[in-house]
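*Asks:* Got a structure for you, questions after.
The values are calculated or read from the model by the stated rules, or taken from the named source; none is laboratory data. As the structure is a prediction and not an experimental result, all values here were calculated from the model. Neighbour counts are summed over all protein chains in view; Cβ atoms, including those assigned to glycine, are modelled from backbone coordinates with ideal geometry. All accessible areas refer to the heavy atoms of the entire protein, side chains included, with ligands and DNA or RNA removed. Shrake-Rupley method; radii C 1.70, N 1.55, O 1.52, S 1.80 Å.
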Amino acid sequence: DPEKTLELYYHEITNVGFWRGSNGREGYEHYFEKGYISSDVSENAAKTMEYAYNDWCAYYLAKTTGNKKYEEIFGRLIYNYKNLWDSETEHMRGRNPDGSWMFNEFNPYRWGNPFTEGNSTQYSWSVFHDVEGLIALMGGEEKFIARLDTFFTGTNEFDKGAYPEVIHEIKEMLAAGMGQYAHGNQPCQHVPFLYSYAGAPWKTQARVREVMTQLYNASPQGYPGDEDQGGLSSWYVLNALGIYSVCPGTDQYVLGSPLFEKATITLEDGKQFVIEAKNNSPENVYIESASLNGEEFSKNWITYADIANGGKLTLVMSDKPNKERGTGQEDRPYSVSRE
């Protein structure tokens, strides 16, 4: 019952229970009035950004089921992530109740409060439902792509910040050797796909394959961090197939770089969806061309219906990037700013 679901969700985010942050929404008054969770609540910046996405999920449910009341209510909250953007430092930051920034001396590599087991450099990417809006905040596609490159290849400097000791998430980031990319913590796991939103899908393809082959292996150290309810293994399984859900709540799976020459998904009703990657190899990580059910396919995403209906996605892989394929606006995955 979508309407009942929306009613219950609205109740959840306008109340707080005995367990504070674990049930209800601690600091919800400030969130509704000023558009952010303030520093009197722990991990406030992380919560603000995640709540904006959560509220987008409710907005999208309301929109797709014709519930104008809740579409309007939640539609006012989905851009709250922008209230944490500091144009001077060009990072997401926590705010005090009076609107001032937390910490006079800003360090993007400082871990912990106002973030959760991460830092501002990592959390600044955590806008799952509106990557196009994030691209605009960061100064456009060229700057966005350059910043992504630096994120993966730049310094792995850190400040343990709010934590009394160097937590395992920091150690895992250092062991990965991919700049500030911390694959073992959820706020980073979608970042390789953000290139596809900015017209450079070949960079997504190379980066995803790099993560799969360098950070996972068949040993007791095979996972690059906390398995947290199947987070790391499900990331691997989806990406081994060549797809990933950057924004759960939409019906889209963004294309990456499959590990196998052929994979078949058999559905409960007996239908099959086949992903074939011709010429696939450790070197051939780039998608040269694609077709869906025999028709040329330029998009960087497929839908749930494509899988559920059965069919075949055929990718031709190459060791050289095709910088023409999938670069059009219509080829890019969902962002709410484009509605």
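*Asks:* Cross-link partners among lysines for Lys82, C-alpha distance below 16 Å, same-chain residues fewer than 8 apart left out?
*Replies:* Within the straight-line limit of under 16 Å, Lys82 reaches these lysines: Lys34, Lys47.
*Asks:* Taking the Cα-to-Cβ direction at Lys68 and at Phe260 and moving 7 Å from each Cα, how far apart do the two end points lie in nm?
*Replies:* My value for the distance between the label points is 4.9 nm.
*Asks:* Mind listing the long-range amide H neighbours of Ile243? Cut-off is under 5 Å, sequence gap 5 or more, other chains count too, H placed in the peptide plane at 1.01 Å from N.
*Replies:* Sorted by chain and number, the residues that satisfy this are Gly256.
*Asks:* Can you tell me the FRET efficiency between Val237 and Ser298 if r is taken as the Cβ-Cβ distance and R0 is 22 Å, rounded to the nearest 0.05?
*Replies:* 0.30
*Asks:* Between the stretch 276-339 and the stretch 184-203, what is the C-alpha centre distance in whole Å?
*Replies:* Cα centroid of the stretch 276-339 versus Cα centroid of the stretch 184-203: 15 Å apart.
*Asks:* Keeping every protein chain present and rolling a 1.4 Å probe, give me the accessible area per residue for the stretch 134-191 in Å².
*Replies:* 43 Å²
*Asks:* Hey, another quick one. Classify the stretch 210-329: rounded, prolate or oblate, from the alpha-carbon gyration tensor (a ≥ b ≥ c, eigenvalue square roots; a/c under 1.5 rounded; otherwise prolate if a/b is larger than b/c)?
*Replies:* Oblate shape, in that a/c is at least 1.5 and b/c is the bigger or equal ratio.
*Asks:* With θ taken as phi - 60° and the coefficients 6.51, -1.76 and 1.60, list the Karplus ³J(HN,Hα) couplings across the stretch 24-32 in order, rounded to whole Hz; mark glycine and proline as x.
*Replies:* x, 10, 5, x, 4, 4, 5, 4, 6
*Asks:* Over 23 Å between Cα atoms: which of Lys262/Lys320; Lys4/Lys63; Lys271/Lys320; Lys203/Lys299 fall into that group?
*Replies:* In this structure, Lys271/Lys320 exceed 23 Å between Cα atoms.
*Asks:* Follow-up. For a quick check: with amide H placed at 1.01 Å from N, whose amide H comes under 5 Å from Val16's, ignoring anything fewer than 5 positions away on the same chain?
*Replies:* Under 5 Å from the amide H of Val16: Arg25.
*Asks:* What are the ³J(HN,Hα) couplings of the stretch 206-221, residue after residue, when phi is run through the Karplus curve with 6.51, -1.76, 1.60 and θ = phi - 60°? Round to Hz, x for glycine and proline.
*Replies:* 5, 5, 4, 5, 4, 4, 4, 7, 9, 9, 10, 7, 8, 8, x, 9
*Asks:* In square angstrom, what is the accessible area per residue of the stretch 260-339 with a 1.4 angstrom probe?
*Replies:* Ligands and nucleic acids excluded, the figure is 55 Å² per residue.
*Asks:* Taking the stretch 3-62, which GluC sites (Glu not before Pro) meet the DSSP loop condition and have no more than 13 other C-beta atoms within 10 Å?
*Replies:* Those that pass, being in a loop and sparsely packed, number zero.
*Asks:* Run through the DSSP bridge list for the chain and note the antiparallel percent, rounded to the nearest 5.
*Replies:* Close to 75 percent.
*Asks:* Taking every DSSP beta bridge that has both residues in the stretch 184-339, what percent is antiparallel when rounded to the nearest 5?
*Replies:* Close to 70 percent.
*Asks:* Counting only protein heavy atoms and a 1.4 Å probe, tell me what percentage of the stretch 32-126's accessible area is made up of carbon and sulfur.
*Replies:* In the stretch 32-126, the share of accessible area belonging to carbon and sulfur is 43 percent.
*Asks:* Report the calculated FRET efficiency for Asp86 and Leu174 (r = Cβ-Cβ distance, R0 = 25 Å), to the nearest 0.05.
*Replies:* The calculated FRET efficiency here is 0.40.
*Asks:* How large a share of the accessible area of the stretch 177-331, in percent, is made up of carbon and sulfur atoms when the probe is 1.4 Å and the other protein chains stay in place?
*Replies:* Summing carbon and sulfur atoms, their accessible area is 47 percent of the total for the stretch 177-331.
*Asks:* Could you work out [θ]222 nm for the chain from helices alone, using -39500 (n - 2.57) per DSSP H run of at least four and dividing by all its residues? Round to the nearest 500 deg cm²/dmol.
*Replies:* Theoretical 222 nm ellipticity from helices: -10000 deg cm²/dmol.
*Asks:* Right, something else. Report relative contact order for the chain in percent, whole number only (criteria: Cα-Cα under 8 Å, sequence separation at least 6).
*Replies:* Relative contact order here is 12 percent.
*Asks:* Still on this structure, I have one more. Around Ala290, what is the net charge, scoring Lys/Arg as +1 and Asp/Glu as -1 over all other residues with Cβ under 14 Å from its Cβ?
*Replies:* Around Ala290, the surrounding residues sum to -3.
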